[in-house]
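What follows is a single structure, written as structure tokens, with notes after it.
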Amino acid sequence: MNNEEVQDLDFEDLMDDYIVDLDIQNYSSNTLKTYSSILINFNRYMESQKQIKSEKDILRTFKKYIQHLKRDNEVSQNYLYLITVIIKKFLNYCEIDIADEIKIPKRTKSLPKSLSEEQVYRLIHAKDDEYDPTKSNPRNITKLRNKLILTLLYSTGLRISELIKLKIADIDETDRTIRIRGKGEKDRIVIFDN
């Protein structure tokens, strides 16, 4: 892309077009919000800098932006990774030929903290003493519902977003399976126990 074309770029329109394209590709609403937020912040930063006249200026501004986030905002290494990947994809979409010069920072790898079996048991059964199976008042129903939610999340590995979308028709009590529509609209079957 020549310098004149770079100066004529309307990043706001390009960002809107990019988000629409991602939406058409069935990216989740949370992903679209994240991409949009990151691109808007980067665009604001670019607008605060001297006039961008070339692809090199975009690259220089991008590097300063990452440095600014790292030093002034003290964002995490994983967030810098996310920002870099999103902006790099966006620049590729815009046919701005600097993506090869953008180095993606390393991500920090850490295992998620998990609960012990005893902690999970205590969490699921925390309010058992207040539950009266002989009564069907709203409070009892809510306690039973919450226990079922925690049990399903723990025993099946469902994501909260998947649990929210769950329908009774997705549950096969005979085979003890649940059909889940997960990320990217992909279906999978999970088994549940008594």
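The values are calculated or read from the model by the stated rules, or taken from the named source; none is laboratory data. Remember, predicted model here, so these are calculated numbers, not experimental data. Cβ atoms come from the backbone with ideal geometry, glycine included; neighbour counts cover every protein chain shown. Note: accessible area is taken over every heavy atom of the protein model, side chains too, but ligands, DNA and RNA are not part of it. Shrake-Rupley method; radii C 1.70, N 1.55, O 1.52, S 1.80 Å.
Below are the figures for this structure:
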{"item": "Residue list for the range 151-174, restricted to those being assigned to a loop (DSSP other than H, G, I, E, B) and touching a strand residue (DSSP E or B) at 6+ places or on another chain (Cβ under 8 Å)", "result": "Gly157, Leu158, Leu166"}
{"item": "Contacts under 8 angstrom Cβ, first residue in the range 93-120 being closer than 30 Å to Glu12 by Cα, partner surrounded by 10 or more Cβ atoms within 10 Å (Cβ to Cβ) and of a type in the set (Lys, Arg), 6 or more apart", "result": "Ile98/Lys56; Ala99/Lys88; Ile102/Lys88; Ile104/Lys88"}
{"item": "Leu148 vs. criteria in contact (Cβ under 8 Å) with a residue 12 or more places away in the chain, open to solvent by 60 Å² or more (accessible area, probe 1.4 Å) and assigned to a helix (DSSP H, G or I)", "result": "no"}
{"item": "Glu185 vs. criteria within 30 Å of Glu55 (Cβ to Cβ), in contact (Cβ under 8 Å) with a residue 12 or more places away in the chain and of a type in the set (Asp, Glu)", "result": "no"}
{"item": "Failed item in (1) at pLDDT below 85; (2) of a type in the set (Asp, Glu); (3) farther than 30 Å from Arg60 by Cβ, with Asp97 passing the rest", "result": "(3)"}
{"item": "Flag for Arg179 being outside any loop (DSSP other than H, G, I, E, B), surrounded by 12 or more Cβ atoms within 10 Å (Cβ to Cβ) and among the basic types (Lys, Arg)", "result": "yes"}
